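Structure, as structure tokens:
The values are calculated or read from the model by the stated rules, or taken from the named source; none is laboratory data. Note that the structure is a prediction, hence the values are computed from the model and not measured. Cβ: placed from backbone, ideal geometry, glycine included. Neighbour counts: every protein chain shown.
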Amino acid sequence: MTFIESLKNKIKLYKELIPFGKFNPNPPIEFEALKSFENRYGIVIPDDYKEFILKIGNGEFELNNDYFLELTASTWGDVSKPFNPEIESEIYNGLLEVVELSHAGGMIFLVANGDDYGHIWYRDNNRESDDFSIQPFLDKNQNKLNFGALINLYFDSEMEYYLRAMENAKKTAQQLIVRNDVNEKNKFEEKSFMFKLLRLFTRNN
């Protein structure tokens, strides 16, 4: 199964699970428009991202409260020049802006030019540091992510969050039902005890 086929199945599951979700992307980009973009900047867009915007949608949707952008050359640098995180003057070159993080100034980038081609980097202005340089986006095994891994991570994370919320809501509802049953039982036993006392009192008088 290809990346896109697998992702389409996941999107179908996502929509069944979270019918009120915010995944409502723009229509896919036209192939001619994509080629024009590549020719304009002298780059080749990484295959997984290219497939996504050609066959799924060209951005403009939310997942996990973050906002996926349409195909956009980074305004932080020059995408036609190679990305080189070792040189301060070139650290934002060669990048596409992919996701705007929900906190101010945060951004996820895709390297479209340079030695780290196809990998995801990000800038997080909420870090407790004066260092606002961008960092590689790593998985739990400390491997760099590509766009395919990133979009799957977003869908998995949102569905896992929703399932946990549903499970917590179910547990809370069950606890309330049990508590209500106990209260009703206590009320019945209290009432029965009062009836017994009333009968005893009436009989003795």
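Within the range 133-150, can one find any residue that is within 27 Å of Glu16 (Cα to Cα), in contact with a Leu (Cβ under 6 Å, 6 or more places away or on another chain) and modelled with pLDDT of 95 or more? Yes, that holds for at least one residue.
Of all residues in the range 135-154, at least one satisfies being over 27 Å from Tyr14 (Cβ atoms) and either crowded, with 18+ Cβ neighbours inside 10 Å or touching a strand residue (DSSP E or B) at 6+ places or on another chain (Cβ under 8 Å) (or both).
Specify which of the listed residues (Phe52, Phe37, Phe20) is more than 20 Å from Ser80 (Cα to Cα), aromatic (Phe, Trp, Tyr) and at pLDDT 95 or above. Steps first, please.
Values: Phe37 fails: more than 20 Å from Ser80 (Cα to Cα); Phe20 fails: at pLDDT 95 or above.
The unique qualifying residue is Phe52.
Look through the range 23-34, keep the residues that are touching a Lys or Arg at 6+ places or on another chain (Cβ under 8 Å) and at pLDDT 95 or above, and return whichever of them is farthest from Leu71 (Cα to Cα).
Kept after step one, since they are touching a Lys or Arg at 6+ places or on another chain (Cβ under 8 Å), are these residues of the range 23-34: 23, 28, 34.
Of the ones still in play, those that are also at pLDDT 95 or above are 28, 34.
Working: Pro28: 10, Leu34: 9 Å.
Across the range 23-34, the extreme among qualifying residues is Pro28.
Take the residues in the range 75-123 that are of a type in the set (Gly, Ala, Ser) and at negative phi; name whichever of them is nearest to the chain's Cα centre (by Cα). Within the range 75-123, the match that is nearest to the chain's Cα centre (by Cα) is Ser102.
Quick check on Tyr41: is it in contact with a Ser or Thr (Cβ under 6 Å, 6 or more places away or on another chain) and either among the hydroxyl-bearing types (Ser, Thr, Tyr) or under 14 Å from Phe147 (Cα atoms) (or both)?
Details: in contact with a Ser or Thr (Cβ under 6 Å, 6 or more places away or on another chain): yes; either among the hydroxyl-bearing types (Ser, Thr, Tyr) or under 14 Å from Phe147 (Cα atoms) (or both): yes.
So Tyr41 fits the description; yes.
Note on the range 34-59: among residues that are within 27 Å of the chain's Cα centre (by Cα) and more than 19 Å from Tyr117 (Cα to Cα), the one that is surrounded by the most Cβ atoms within 10 Å (Cβ to Cβ) is Asn58. Taking the range 1-20 as the range and being in contact with a helix residue (DSSP H, G or I) (Cβ under 6 Å, 6 or more places away or on another chain) and closer than 16 Å to Gly148 by Cα as the test, the residues that pass are Phe3, Ile4, Lys10.
So for the range 12-27 (the condition being more than 21 Å from the chain's Cα centre (by Cα), surrounded by fewer than 16 Cβ atoms within 10 Å (Cβ to Cβ), farther than 18 Å from Pro136 by Cα and polar (S, T, N, Q)), does at least one residue qualify? Please lay out each step first, then the result.
Within the range 12-27, the first condition is being more than 21 Å from the chain's Cα centre (by Cα), and the residues that meet it are none.
No, the conditions are met nowhere in the range 12-27.
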